[in-house]
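Heads up, the thing below is written out as structure tokens.
Quick note: the coordinates plus some simple rules give every number you see, no bench work behind them. Everything quoted here is computed from the prediction, not taken from an experiment. As a convention, Cβ positions derive from the backbone with ideal geometry for all residues, glycine included, and neighbour counts pool all protein chains shown.
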Amino acid sequence: MLRRESFSPIQWLLLAVFTVYCLLPLWWVITTMFKDNGQLFSTFGLWFSAPSHLLENVRTLFTRQDGIFSRWLLNSVIYAGATALGSVMVSAMAGYAFSKFDFAAKRGLFTLILATIMVPSTALALPIYLLMQKTGLLNTYWAVILPGLVNPFGLYLMRLFWDAGFPKELMEAARIDGASEQTIFWSLGLPLVRGGLVTVGLFAFVGAWNNFFLPLVVVNSDTLYPLTLGLSVWNQTSASSGQEPIYTVIVLGALISVLPLLIAFLTLGRYWQGGLASGAVKG
Amino acid sequence: MTANTAVPVTAQAASPRPKSRRAGRATPWFFLAPFLAAFVAFFIAPVGYAVYLSLFIKKRVGVGPAREVFGGLSNYVRAFQDSDFLQSLAHILLFGVVQIPLMLLLATAMALILDAAKGSASKFFRTAFYLPYTVPSVIAGLLWGYLYSKNLSPFNQISGLKTDFLSSQLILFSIGNIVTWTWTGYNMITLYAALQNVPTDIYEAARIDGASNWQLARYVKLPLLRPTLTLTTIFSIIGTMQIFSEPFVLRPLGYVPDNITPNTYLYLTVARDSNFGYGAALAVLLAVFTLLLSGFFLRFAAEEGNT
């Protein structure tokens, strides 16, 4: 009788209150995306109002500025997808080296890399901006993707997954059978740490998808904006442009920007918890 | 972990390993190379460059445009005399001292409640609590910005008041609410996962000793959560020092001072003056403060743990 079958009334109440708090803004988004700007100000915020303007909002969202919203959506997919794939590969390789080999300065290097988690990434943005200016990377896709390849937490997680998922005995046996180091890693090892690859990839994807500060600093042409930056700029200009504000359109765009992560989380939830649990226990 | 590469005796006896097949010295470096290349290019180099830049000041010589000249530590001296910057640090310190404990208290309470019972309801709540984390902080800032807006806020519609959540008195709390909304569920899942990893015989032993639910939570589970709480606090401190997106997107909607957080101050100062040397000095100071705060907290947590 370790865990009871259900919660006590007071626990139900606390859980319910916190659920309302967590879901309230999302509920507001759902009611608001059906409204036009007039209804936004004149009707009750937490309920629907007729007539619906959803289709009109969708049309505005995808046609404003020659449909640049679709471009931002595509950019976000490219940034997050490339960062996730790249940092998974880079972390998997480096984690493998730390897990399976001995080399000079191994311990010191690992500590140094982990310690960098404490350096605020925003403190790095200014020097990265200036260095990219010198190397011509500024205002390119690479400017947003490359810095994301440094993922110390991903490296740490991958090392744990390699420790647990790929016994050294297996490596030795493969070597005796004449397998090359490359074959051992790519064909034998990687499939065994699939769960780790998915976990690290998810964290990297969400991190890159949500990133705002780096693109804000290193990208200045609006065709290179990710969703986060694009919507924020629309919000900024919407109030001051003199045209009819498009707040409800922005809200619809915000919902669309959240959907991929929502789906990823709901379908791959177990990988999240696995990653968080290993970080929590071993940390 | 141990470093020796023990091979099963049988395998070794059957066939002595051919030397040529052993991993060469270069092998680990081959696997490390991509990470190290990115690490040097996008961490070591920027940090070094920031430190270097921070030693240069802008100086107007004669009538020409301002030039960068070596200024020693004068940017740092200026930072410590810059009342706007110091105020931004005071803001973030006040913010952290209030928001981090509140958020972690809430997260711990919810994790303990969810851990106390099983069933499908628990899964629903976990999902609901976690959803805000999937909302990018800019989008969260944007949405809450509308919810705060004096003329359309449903809170004002319900209460009948005209509260200005974006006024200078309330802005820090309003940002705190957004951060709490985004991150409580994330921290709760981390704590919950740690509780789920505890071997159940510890609970059984406590039960046999006659511990009530409350006692079990207070005297068994809470101490077990200590390492995880330390970790989540460290990550919260680092995150707090970086707060930028939320105040930045709230700026067009209300009164948000430039120095509401050190990061907004850094960004807006550099964007306005293009004084990269001073900006670099502020960035270096911010990184040092974050390291110091995390270090202090770690030491504090370790000492508490020993008593």
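Consider B:Pro252 carefully, then state whether it is out of contact with any Lys or Arg (no Cβ under 7 Å at 6 or more places or on another chain), of a type outside the set (A, V, I, L, M, F, W, C), under 24 Å from B:Ser236 (Cβ atoms) and surrounded by 14 or more Cβ atoms within 10 Å (Cβ to Cβ).
No.
Restricted to segment B:207-247, and to residues that are among the charged types (D, E, K, R) and under 21 Å from B:Leu195 (Cβ atoms), which residue is nearest to the other protein chains (Cβ to nearest Cβ)?
Result: B:Arg207.
Looking only at helices (runs of 4 or more DSSP H) that fall completely inside segment B:175-284, which ones have 1 or more residues that are in contact (Cβ under 8 Å) with a residue 40 or more places away in the chain and closer than 21 Å to A:Pro215 by Cα?
B:222-241, B:245-250, B:262-273
Only helices (runs of 4 or more DSSP H) wholly contained in segment B:23-82 count here; list those with 1 or more residues that are under 30 Å from A:Gly178 (Cα atoms) and either touching a Leu at 6+ places or on another chain (Cβ under 7 Å) or at the interface with another protein chain (Cβ under 7 Å from one of its Cβ atoms) (or both).
The qualifying helices (runs of 4 or more DSSP H) are B:27-39.
Restricting attention to segment A:132-144, which residues are surrounded by fewer than 20 Cβ atoms within 10 Å (Cβ to Cβ) and either more than 25 Å from the chain's Cα centre (by Cα) or part of a helix (DSSP H, G or I) (or both)?
A:Gln133, A:Lys134, A:Thr135, A:Gly136, A:Tyr141, A:Trp142, listed by residue number.
Please verify whether B:Ser74 is surrounded by 15 or more Cβ atoms within 10 Å (Cβ to Cβ), among the hydroxyl-bearing types (Ser, Thr, Tyr), on the phi < 0 side of the Ramachandran plot and in contact with a Ser or Thr (Cβ under 9 Å, 6 or more places away or on another chain), treating the condition exactly as stated.
No; evaluated as a whole, the condition is false for this residue.
What's the total number of residues in segment B:214-262 that are among the polar types (S, T, N, Q) and within 27 Å of B:Leu147 (Cα to Cα)?
Total satisfying the criteria: 6.
Hey, can you tell me all the residues within segment A:178-203 that are part of a loop (DSSP other than H, G, I, E, B) and more than 9 Å from chain B (Cβ to nearest Cβ)?
Within segment A:178-203, just A:Val193 meets the criteria.
Quick one: in segment B:146-192, of everything that is in contact with an Asp or Glu (Cβ under 8 Å, 6 or more places away or on another chain) and surrounded by fewer than 18 Cβ atoms within 10 Å (Cβ to Cβ), which residue is farthest from the other protein chains (Cβ to nearest Cβ)?
Checked segment B:146-192; the qualifying residue farthest from the other protein chains (Cβ to nearest Cβ) is B:Leu170.
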